[in-house]
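Structure first, commentary second.
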Amino acid sequence: MQKNIIYEDEHMIVVFKPAGIATQTARIGQQDMVSELKNYLVKKPEYRGKGEPYLGVVHRLDQPVSGLLTFAKTKKAAADLSSQLGSGKMHKYYYAVIYGASCKEEERLENYLYKDAKTNRSTVVKEDFPGAKKASLIYKKVKTLMILEKGQEVSLVEVELLTGRHHQIRVQLAFHGMPLLGDSKYGGENVKRLSMEIGCRNVALCAYKQILEHPVTGKKMVFERQPEEKIFLPFFTRGI
C-alpha cells in the first residue's frame, strides 16, 4: 500500500488505486482501498491504542478503473473536500483509450443519464426522463495509433470530468461513438473482441490528475501519476 501513496499529512491522504480493486466494498474477503488504508494507518505510532482510524471517502473510482483517490483523515477535512467536489473546485482529469479515432480534437459533451440500480448500468436518456441527471465532460484528443497486426486504430483522449455521474465517462464516450477498450458493459462486440485479442482486461480509464485546495491551508495542490496498465504505455513511448 505504501508504494501507492502519493501524498499524506495529518488531514488527507492521496493514493493511486490499481485497476481491479474496489474503492470500498462490503463483500467479505474482497480487497478494497478503504480497508487497505485503514490497515496501513492503524500500524502508525500515532494511531496505536486509539481504535479504528477515521478515513473519509471523498469520491470513488469504479473497480476496473485505476487512478488517484483522495481520502480525508478528519471529519473537518472530509467536509471541506466534499464541498470542493460538489462545487467544482476539485478538478479531475482522466486518460482513456478508445476504439477508433476521436470524433473531434476537443469537444464538450452534455447528456442526461439514468442509473438503473438493478442492472448497475447507466443510460443516456432525454432531459425529462424520470430520475435523469445532467452529465458534462470535456475530452481532448492526445494521440491515435494503429495496431499494426490488427489494422485497427485506437486513440488516447484526456477527459476533464465536470460532473460525477455513475459510469459517466464510459457511458458518454460510448454513446458518442468512442467506446473504451476493455469495457464489456458499454463497449459493444468490436470492443470486446479487440480487447480480448490484445489482452486489455480492465477498462482503459485512469484518473491520472487531480487539482484541489488543501482542506486546512487552502493551498492549491496538484497530484499526477501516469497510468501503469500496458494498454496506455504505447501512447507514452513509440507505439503499439
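The values are calculated or read from the model by the stated rules, or taken from the named source; none is laboratory data. Since this is a predicted model, take the numbers as computed values, not measurements. With ideal geometry, Cβ positions are generated from the backbone for all residues, glycine too; neighbour counts draw on all protein chains shown.
In this structure, does Ile13 turn out to be assigned to a strand (DSSP E or B), in contact with a strand residue (DSSP E or B) (Cβ under 8 Å, 6 or more places away or on another chain) and either at pLDDT below 85 or under 23 Å from Ala96 (Cα atoms) (or both)?
Against the criterion (assigned to a strand (DSSP E or B), in contact with a strand residue (DSSP E or B) (Cβ under 8 Å, 6 or more places away or on another chain) and either at pLDDT below 85 or under 23 Å from Ala96 (Cα atoms) (or both)), Ile13 does not qualify.
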So, of the residues in region 16-25 that are within 20 Å of Tyr54 (Cβ to Cβ) and surrounded by fewer than 18 Cβ atoms within 10 Å (Cβ to Cβ), which turns out to be modelled with the highest pLDDT? Thr23
Kindly establish whether Ala77 is within 29 Å of Leu181 (Cβ to Cβ), of a type in the set (Gly, Ala, Ser) and surrounded by 13 or more Cβ atoms within 10 Å (Cβ to Cβ). no
For region 60-79, state whether one or more residues are out of contact with any Phe, Trp or Tyr (no Cβ under 9 Å at 6 or more places or on another chain), at pLDDT below 95 and among the basic types (Lys, Arg). yes
Taking Ser184 as the residue in question, decide whether it is in contact with a helix residue (DSSP H, G or I) (Cβ under 8 Å, 6 or more places away or on another chain) and at pLDDT below 95. yes
Scanning region 20-50 residue by residue, those aliphatic (A, V, I, L, M), without any contact (Cβ under 8 Å) to a residue 40 or more places away in the chain and in a loop (DSSP other than H, G, I, E, B) turn out to be Ala26, Ile28
Please report, ordered by residue number, the strands (runs of 3 or more DSSP E) entirely within region 125-215 with at least 3 residues that are more than 17 Å from the chain's Cα centre (by Cα), surrounded by fewer than 21 Cβ atoms within 10 Å (Cβ to Cβ) and among the basic types (Lys, Arg). 133-147
Is it true that Ser87 is surrounded by 15 or more Cβ atoms within 10 Å (Cβ to Cβ), of a type in the set (S, T, N, Q) and within 26 Å of Ala135 (Cβ to Cβ)? no
Only one of (1) in a strand (DSSP E or B); (2) surrounded by fewer than 20 Cβ atoms within 10 Å (Cβ to Cβ) does not apply to Pro53, and that is (1)
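I'd like to verify a number: residues in region 144-164 that are of a type in the set (D, E, K, R) and modelled with pLDDT of 95 or more, how many?
Residues that pass the stated criteria total 2.
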In a loop (DSSP other than H, G, I, E, B), more than 17 Å from the chain's Cα centre (by Cα), polar (S, T, N, Q) and modelled with pLDDT of 95 or more - does that describe any residue in region 217-231? yes
Here is a list: Ile5, Ile28. Which entry is exposed (fewer than 15 other Cβ atoms within 10 Å of the Cβ) and modelled with pLDDT of 85 or more? Ile5
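Which is at pLDDT 95 or above, surrounded by 15 or more Cβ atoms within 10 Å (Cβ to Cβ) and either hydrophobic (A, V, I, L, M, F, W, C) or farther than 21 Å from Pro64 by Cβ (or both), of Tyr94, Tyr114?
Working: Tyr94 fails: either hydrophobic (A, V, I, L, M, F, W, C) or farther than 21 Å from Pro64 by Cβ (or both).
Testing whether each residue is at pLDDT 95 or above, surrounded by 15 or more Cβ atoms within 10 Å (Cβ to Cβ) and either hydrophobic (A, V, I, L, M, F, W, C) or farther than 21 Å from Pro64 by Cβ (or both) leaves just Tyr114.
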